[in-house]
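To start, the structure itself, in structure tokens.
Throughout, read-outs are computed from the coordinates displayed, never taken from laboratory work. Bear in mind the structure is a predicted one, so any value in this text is a computation, not a measurement. We place every Cβ from the backbone using ideal geometry, glycine too, and count neighbours over all the protein chains shown.
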Amino acid sequence: MNGGGWGFFRTAYASEQLRALSTRLGDLDALERAVVLADTWSSILVGRSSFSDLFTLARGMSNFDEPSAWELIGRAVGLADRILDEEGRLILRDVVQSLYAPTFARLGWEPCEGESSQASELRALVIGVLGHQGRDEAIIAEAVRRFDRGEVSGNLANAVVSITMAQGRLGDDDVCEQRRASASSPQEEQRYLYASVNSGDPRVPVAALARAFSEVRTQDAPYLVGALIQNRDAGAQVWRLAVARMDEALERFPSIAHPSFVGGIASFTDAALAHEVRVFHEGHPMPVGQQQVQQLLDMMDVNVAVASRNRATLRDELVAFLRD
């Protein structure tokens, strides 16, 4: 083990070792816990560990208010969600609820007197994952209630908006646009600008792409488009529509932001789509920032490789994890 967390190396653990370690995470300090999780995540990316290995560690994290560690667990959940088909995503839902519900039960929706800033940040992370990949009906209902009443503030604001938008309700995109136009702070304006990224209605990200070329400020638009490409259901369509207007984008948007215009390609996990994306971007190099685009393509290839190794087996792996 990387005692103290100071070593510049990765450590790989057998599944049996991680299972034993998950019951003794309290013997480690926060940095050591973060390093063990990061090492296991890196091991997943190179095919030496499984998603269930990381989720086994997550079982032992419920009493630790460590947002950075939980953010990494959330990244693994998000990638698994992109790999699985709908049947598999239902199994992932149960996994997420088993991992995150104990922490939510401890933190709840409202802050406690004297709680740490880490607890407040973690609350938002936990509610976000439970509302999205966890599909927790009570979490979704409360987020929607708060959205409808305009109770959108503090650390929970982004989670409330993103969970609500994921439901794909008719008219919510219009509400977000109205709130963006009347926002009283830059943070509020940005929150509603990016709300369409999480929409469960594929038409909404496509409409937001059109706005990026007309209504949205040029300093914001390329970053918005890159985020829209990450939408699980509409991302591929948004990318194709975006690159069809590449010449217009390069002329319209600041050159420093050109790579961000396609930043979401790193989230793709389908091999055929990834091939299409790579062929396009290597055949149409950006005058400024092509090296960053190349890095995005390499990150995309990592996710595609993880998906290829796990797509056929991940559902059964998660079923076994729930039974363990």
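Can you give me the number of residues within the stretch 201-235 that are within 12 Å of residue 261 (Cα to Cα) and in a loop (DSSP other than H, G, I, E, B)?
Total satisfying the criteria: 6.
For the structure I just gave you, tell me whether residue 42 is in contact with a Lys or Arg (Cβ under 8 Å, 6 or more places away or on another chain) and of a type outside the set (A, V, I, L, M, F, W, C). It would help to see each step written out before you state the result.
Values: in contact with a Lys or Arg (Cβ under 8 Å, 6 or more places away or on another chain): yes; of a type outside the set (A, V, I, L, M, F, W, C): yes.
So residue 42 passes the test.
Would you list the helices (runs of 4 or more DSSP H) that sit entirely within the stretch 72-185 and hold 3 or more residues that are closer than 18 Å to residue 62 by Cβ? Steps first, please.
Values: elements: 86-107, 117-131, 137-148, 157-166, 172-181.
Ranges flagged: 86-107, 117-131.
For (1) within 22 Å of residue 303 (Cα to Cα); (2) basic (Lys, Arg); (3) crowded, with 21+ Cβ neighbours inside 10 Å, each residue gets a yes or a no:
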site: 22; (1), (2), (3): no, no, no
site: 26; (1), (2), (3): no, no, no
site: 31; (1), (2), (3): no, no, no
site: 41; (1), (2), (3): yes, no, no
site: 80; (1), (2), (3): yes, no, yes
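Would it be correct to say that residue 216 is surrounded by fewer than 24 Cβ atoms within 10 Å (Cβ to Cβ), within 23 Å of residue 286 (Cβ to Cβ) and β-branched (Val, Ile, Thr)?
Yes; evaluated as a whole, the condition is true for this residue.
One residue is enough: does the stretch 241-257 have a residue meeting the conditions in contact with a Leu (Cβ under 9 Å, 6 or more places away or on another chain) and within 30 Å of residue 126 (Cβ to Cβ)?
Within the stretch 241-257, none of the residues are in contact with a Leu (Cβ under 9 Å, 6 or more places away or on another chain) and within 30 Å of residue 126 (Cβ to Cβ).
So residue 213 ticks every box in (1) aromatic (Phe, Trp, Tyr); (2) within 20 Å of the chain's Cα centre (by Cα); (3) farther than 19 Å from residue 127 by Cβ but one. Which box is left unticked?
Looking at each condition in turn, residue 213 falls short on (2).
For the stretch 219-231, how many residues meet the condition of being hydrophobic (A, V, I, L, M, F, W, C), surrounded by fewer than 24 Cβ atoms within 10 Å (Cβ to Cβ) and over 14 Å from residue 190 (Cα atoms)? Reasoning before the result, please.
Narrowing the stretch 219-231 to residues hydrophobic (A, V, I, L, M, F, W, C): 221, 224-225, 227-229.
Among the residues that remain, those that are also surrounded by fewer than 24 Cβ atoms within 10 Å (Cβ to Cβ) are: 224, 227.
This time we only want the ones that are over 14 Å from residue 190 (Cα atoms), so: none.
Going through the stretch 219-231 one residue at a time, the tally reaches 0.
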